[in-house]
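The values are calculated or read from the model by the stated rules, or taken from the named source; none is laboratory data. Please read all numbers here as calculations on a predicted model, not as lab measurements. Counting neighbours? That spans all protein chains shown, and the Cβs are built from the backbone with ideal geometry, glycine included.
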Amino acid sequence: MTYQQEIAKAGTLIGGQAHWDGIAPESVARMRLQNRFHTGLDIARATAAIMRRDMAAYDADPAAYTQSLGCWHGFIGQQKLISIKKHFGSTKGKYLYLSGWMIAALRSEFGPLPDQSMHEKTSVPALIEELYTFLRQADARELSLLFRDLDKARETGNEVEIQRLTHAIDNHETHVVPIIADIDAGFGNAEATYLLAKKMIEAGACALQIENQVSDEKQCGHQDGKVTVPHEDFLAKIRACRYAFLELGVDDGIIVARTDSLGAGLTKQIAYSREPGDLGDQYNSFLDCDEVDLNGIGNGDVIISRDGKLLRPKRLPSNLYQFRSGTGEDRCVLDCITSLRNGADLLWIETEKPHVEQIASMVDRIREVIPNAKLVYNNSPSFNWTLNFRQQIFDRWQVEGKDVSAYDRAKLMSADYDATDLAVEADEKIRTFQKDAAARAGIFHHLITLPTYHTAALSTDNLAKDYFGDAGMLGYVAGVQRKEIRQGIACVKHQNMSGSDIGDDHKEYFAGEAALKAGGVRNTMNQFAA
């Protein structure tokens, strides 16, 4: 519905009421346009449709991959989308990622916690709701600026500007984008997963990412000690997420099935198997076992039978069982195929380094069975990107017979190498990593889990060094405010960003000429008008 149609619709409604003379149809139309999404489920349905269209576009052309950045506060997510619209003119293909790691480290009432599902699970849907509150406010703010400009154009009789602004209002693109939300390992059994999934979807999540670790042993994907569960346990949680979507009417909700098997050498359970070759038997086939006879069975030993042999899985003092070394990739491939066959839409393979061919070698095998399999990939700050890619170039040059005697492979992170040909080539591979991986390794969505955790620390360190040092107030002015002004950062007008002007608009709607507004000539934000 166009802006003029919204005004006409509101006018018809108001005209049918006997005592609504003080309500202006155009003001109603403006408020309605500034609040397109009334519930989280409205958001989940709209953003799920966006993701499904993007997934189809990627299937047609792998160059159409999507991206997101992780965030831990609504304001951070809002500013990302405002920046994206400012620099690129559109939010197409740009999402937000909600990281369980960041919630644990920054949002728990216990204080900073490791990524082990110890934080309050209610903080996950709470952050989703907060993010969408800020994104909706970004819509309201941007439209408010357009409405104000439209009023000025009308005052001056500038018909060309009136037409331009009306077109901009009619074609306004929302800041509300898909959020891929981390539900960790489900925070308990399948029923607990279902209940939390519902809360996350009701808050607006259209995509849930769930991993195949044991809930009460969950570890960050880039740390040691990860413990996986048999496939049937994980599939029950995938089904729980799907039922949650379907119950709430988000029929095209997206489930991202994450496997941590590449770096997980342990399992808490021996899978139940009905017959040779079934899924439980395949899971157990990766266990590290010793062959035993009846006389060699010791006190408390657990014994399994396979191919007519008695096998004793190696059990640790922690009561965990270990997998055979070198089986990680095979387990990942089985995890991925099984998940896609049982309701998952996208895959996530947690790796120990960003290496296109390593990822592609697994995806090639998955796609032999499921041709349109595609991944979400964690471009993690846990990787030392500089060192990894310099070592990859070093290794390739060595294979190609190039002279690498000027480089020490173990010390390639050193700034001494920054201007070398090797470093330049490595940086180019980092620059094109997402494009290369989208084309070669089936990666539909690239994300960075913890970017603003690190940018906040870096910018705060720089400000503290300057402000509390010799630069004093110039440390803030030159390092922050002057850059905000010259780069057109919306937050330099922080009163406007907080909603002060939107409030003034509402005061005028509600009280007319009697409105006491904050945005008068004495408002110091006017200093930034130029």
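Just checking, how many residues over segment 363-388 are within 17 Å of ARG440 (Cα to Cα) and either without any contact (Cβ under 8 Å) to a residue 24 or more places away in the chain or not in a loop (DSSP other than H, G, I, E, B) (or both)?
11
Of the conditions (1) modelled with pLDDT of 90 or more; (2) in the same structural domain as GLU232 (by the TED database); (3) of a type in the set (Lys, Arg), ARG312 satisfies every one except a single condition; which number is it?
Condition not satisfied by ARG312: (2).
Looking only at strands (runs of 3 or more DSSP E) that lie completely in segment 260-334, which have at least 1 residues being touching a residue at least 40 places away in the same chain (Cβ under 8 Å) and either surrounded by fewer than 13 Cβ atoms within 10 Å (Cβ to Cβ) or not polar (S, T, N, Q) (or both)?
Answer list for segment 260-334: 309-313.
Filter segment 114-168 down to the residues that are under 29 Å from the mean Cα position of the chain (by Cα), over 27 Å from LYS493 (Cβ atoms) and not β-branched (Val, Ile, Thr) and list them by number.
Once the filter is applied, which keeps residues that are under 29 Å from the mean Cα position of the chain (by Cα), over 27 Å from LYS493 (Cβ atoms) and not β-branched (Val, Ile, Thr), segment 114-168 yields PRO114, ASP115, GLN116, SER117, MET118, HIS119, GLU120, LYS121, SER123, PRO125, ALA126.
Filter segment 32-67 down to the residues that are within 12 Å of GLY93 (Cα to Cα) and aromatic (Phe, Trp, Tyr), then identify the one that is surrounded by the fewest Cβ atoms within 10 Å (Cβ to Cβ).
For segment 32-67, the residue satisfying everything is TYR58.
If you check LEU347 against the conditions, is it part of a strand (DSSP E or B) and either in contact (Cβ under 8 Å) with a residue 60 or more places away in the chain or over 30 Å from ILE254 (Cα atoms) (or both)?
Here the answer is yes, as LEU347 does meet what is asked.
Mind telling me which of the residues ASP233, ASP278 ends up being more than 22 Å from LEU447 (Cβ to Cβ) and not assigned by the TED database to the domain that holds GLU350?
On the way: ASP233 fails: not assigned by the TED database to the domain that holds GLU350.
Being more than 22 Å from LEU447 (Cβ to Cβ) and not assigned by the TED database to the domain that holds GLU350 holds for just one of ASP233, ASP278, which is ASP278.
Just one of (1) of a type outside the set (S, T, N, Q); (2) outside any loop (DSSP other than H, G, I, E, B); (3) in contact (Cβ under 8 Å) with a residue 40 or more places away in the chain trips up ARG154, so point out which.
(3)
List every residue pair whose Cβ atoms sit under 6 Å apart, with the two residues 6 or more apart in sequence or on different chains, where the first one lies in segment 496-519 and is part of a helix (DSSP H, G or I) and the second, anywhere, is basic (Lys, Arg).
From residues that are part of a helix (DSSP H, G or I), the pairs are ASP504/LYS517; LYS507/LYS517.
For the subset of segment 433-466 comprising residues that are among the β-branched types (Val, Ile, Thr) and surrounded by 12 or more Cβ atoms within 10 Å (Cβ to Cβ), which member is farthest from ARG482 (Cα to Cα)? If you could, list the steps in order and put the result at the bottom.
Residues of segment 433-466 among the β-branched types (Val, Ile, Thr): 443, 448-449, 452, 455, 460.
Cutting the leftovers down to surrounded by 12 or more Cβ atoms within 10 Å (Cβ to Cβ) gives us 443, 448-449, 452, 455.
On the way: ILE443: 39, ILE448: 28, THR449: 30, THR452: 21, THR455: 19 Å.
Among those residues, the one meeting the criterion is ILE443.
Surrounded by 18 or more Cβ atoms within 10 Å (Cβ to Cβ) and closer than 28 Å to ALA8 by Cα, is that true of ALA24?
For ALA24, the condition - surrounded by 18 or more Cβ atoms within 10 Å (Cβ to Cβ) and closer than 28 Å to ALA8 by Cα - is not met.
Pairs under 6 Å by beta carbon, first residue in contact (Cβ under 8 Å) with a residue 40 or more places away in the chain in segment 196-212, partner surrounded by fewer than 24 Cβ atoms within 10 Å (Cβ to Cβ) and basic (Lys, Arg), six or more apart or different chains?
Matching pairs, first to second residue: LEU196/LYS121.
Scan segment 59-74 and report the pairs whose first residue is hydroxyl-bearing (Ser, Thr, Tyr) and whose second residue is assigned to a loop (DSSP other than H, G, I, E, B) and modelled with pLDDT of 95 or more, with Cβ atoms within less than 6 Å and a gap of 6+ or a chain change.
Close Cβ pairs (under 6 Å, with a partner that is assigned to a loop (DSSP other than H, G, I, E, B) and modelled with pLDDT of 95 or more) amount to THR66/GLY93.
Select from segment 398-415 the residues that are in a helix (DSSP H, G or I) and within 35 Å of the chain's Cα centre (by Cα) and write down the one among them that is farthest from HIS355 (Cα to Cα).
Filtering first and then ranking leaves ALA415.
Does LYS152 satisfy the condition of being within 30 Å of TYR194 (Cα to Cα) and charged (D, E, K, R)? First the steps, then the outcome.
Details: within 30 Å of TYR194 (Cα to Cα): no; charged (D, E, K, R): yes.
No; evaluated as a whole, the condition is false for this residue.
Residues of segment 445-483 being over 30 Å from THR351 (Cα atoms) and polar (S, T, N, Q), which ones?
Taking segment 445-483 as the starting set, the residues that turn out to be over 30 Å from THR351 (Cα atoms) are 460-483.
Listed by number, the residues that qualify are THR460, ASN462, GLN481.
Going through SER500, SER459, SER414 one at a time, which residue ends up being among the small types (Gly, Ala, Ser), out of contact with any Pro (no Cβ under 8 Å at 6 or more places or on another chain) and in the same structural domain as VAL333 (by the TED database)?
Of SER500, SER459, SER414, the one residue that is among the small types (Gly, Ala, Ser), out of contact with any Pro (no Cβ under 8 Å at 6 or more places or on another chain) and in the same structural domain as VAL333 (by the TED database) is SER414.
Would you be able to tell me the number of residues in segment 335-349 that are under 20 Å from LEU266 (Cβ atoms) and surrounded by fewer than 23 Cβ atoms within 10 Å (Cβ to Cβ)?
1
Identify, please: which residue in segment 82-104 is within 26 Å of GLY186 (Cα to Cα) and of a type in the set (A, V, I, L, M, F, W, C) and is, among those, farthest from the chain's Cα centre (by Cα)?
Once the filter is applied, the top-ranked residue is ALA104.
State all residues of segment 241-262 that are among the hydrophobic types (A, V, I, L, M, F, W, C) and within 21 Å of the chain's Cα centre (by Cα); if no residue qualifies, say none.
CYS241, ALA244, PHE245, VAL250, ILE254, ILE255, VAL256, ALA257
To keep it simple, each residue is scored yes or no on (1) of a type outside the set (S, T, N, Q); (2) over 21 Å from the mean Cα position of the chain (by Cα); (3) in a helix (DSSP H, G or I); (4) closer than 26 Å to VAL256 by Cβ.
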{"residue": "ALA423", "(1), (2), (3), (4)": "yes, yes, yes, no"}
{"residue": "PHE444", "(1), (2), (3), (4)": "yes, no, no, yes"}
{"residue": "LEU447", "(1), (2), (3), (4)": "yes, no, no, yes"}
{"residue": "THR455", "(1), (2), (3), (4)": "no, no, yes, yes"}
{"residue": "ALA471", "(1), (2), (3), (4)": "yes, yes, no, no"}
{"residue": "VAL480", "(1), (2), (3), (4)": "yes, yes, yes, no"}
{"residue": "GLU484", "(1), (2), (3), (4)": "yes, yes, yes, no"}
{"residue": "CYS491", "(1), (2), (3), (4)": "yes, yes, yes, no"}
